[in-house]
Amino acid sequence: ERPSSTRGVDSTLRRPRVKLRQVRLLEFVEQNYVTLKRSNPEFPILIRECSGVQARLWARYDFGKETSVSVENMSADQVAKALQTLAQSKP
């Protein structure tokens, strides 16, 4: 079963961004993007492939507040849990 982070997102979260540079993060996108988007069709999700930067997951909340976590060397499940944590946090 997929982590609950791919089912629905807290209403204070406005836009998650993922910067990829590893095959493991691409695996997360391949496994979770469709489910996440179907659960949140109006929710903008930004995914970028980058080189020369640390892999990070950003979350933008109400009033433009942002927070980020490193997802460097994380498995797809660990990235999903990090997204879930960001989605549930209150900045």
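Throughout, read-outs are computed from the coordinates displayed, never taken from laboratory work. Note that the structure is a prediction, hence the values are computed from the model and not measured. Cβ atoms come from the backbone with ideal geometry, glycine included; neighbour counts cover every protein chain shown.
Please identify the pairs in which a residue from the range 66-91 that is β-branched (Val, Ile, Thr) has its Cβ atom under 6 Å from the Cβ atom of a residue that is assigned to a helix (DSSP H, G or I) and surrounded by 13 or more Cβ atoms within 10 Å (Cβ to Cβ), counting only partners at least 6 apart or on another chain.
Note: pairs meeting the criteria are Val69/Ala82; Val71/Val79; Val71/Ala82; Val79/Phe28.
So which residues in the range 55-82 are in contact with a Ser or Thr (Cβ under 6 Å, 6 or more places away or on another chain) and surrounded by 12 or more Cβ atoms within 10 Å (Cβ to Cβ)?
If the condition is that a residue be in contact with a Ser or Thr (Cβ under 6 Å, 6 or more places away or on another chain) and surrounded by 12 or more Cβ atoms within 10 Å (Cβ to Cβ), then Arg56, Trp58, Ala59, Tyr61, Ala80 are the ones that fit.
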